[in-house]
Amino acid sequence: MSKNDELKKLREKVEELEFIKELQQDIIIDFQDITGKDLSKKLLPKTLAKEIETRKRNRLK
């Protein structure tokens with residue numbers, strides 16, 4: 001397998017994982033909206049909680 005093929009596969013996998021992460025963040029935001037509880041700050045790592053807050057603000061725009 002050539003390096004270009006490997007890089008292409010890795011890029012595709014990264015894109016797939018980023019999509020999954022975004023979907024999970026959307027689900028968390030929807031869950032928080034439904035329950036009215038903001039548990040991400042308490043239960044998730046700080047970097048992930050910040051990403052969710054940023055995504056939530058961007059969805060409101």
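The values are calculated or read from the model by the stated rules, or taken from the named source; none is laboratory data. Everything numeric here is computed off the predicted structure, so don't read it as measured data. Every residue, glycine as well, gets a Cβ built from its backbone with ideal geometry; the counts of neighbours run over all protein chains shown.
Values for this structure:
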{"read-out": "Where a residue in segment 33-60 is farther than 17 Å from Ile20 by Cα and its partner, wherever it lies, is among the polar types (S, T, N, Q) and surrounded by 11 or more Cβ atoms within 10 Å (Cβ to Cβ), with Cβ under 6 Å and at least six apart", "value": "Asp38/Gln32"}
{"read-out": "Residue list for segment 6-44, restricted to those being under 17 Å from the mean Cα position of the chain (by Cα), at pLDDT 90 or above and of a type in the set (A, V, I, L, M)", "value": "Val14, Leu17, Ile20, Leu23, Ile27, Ile28, Ile29"}
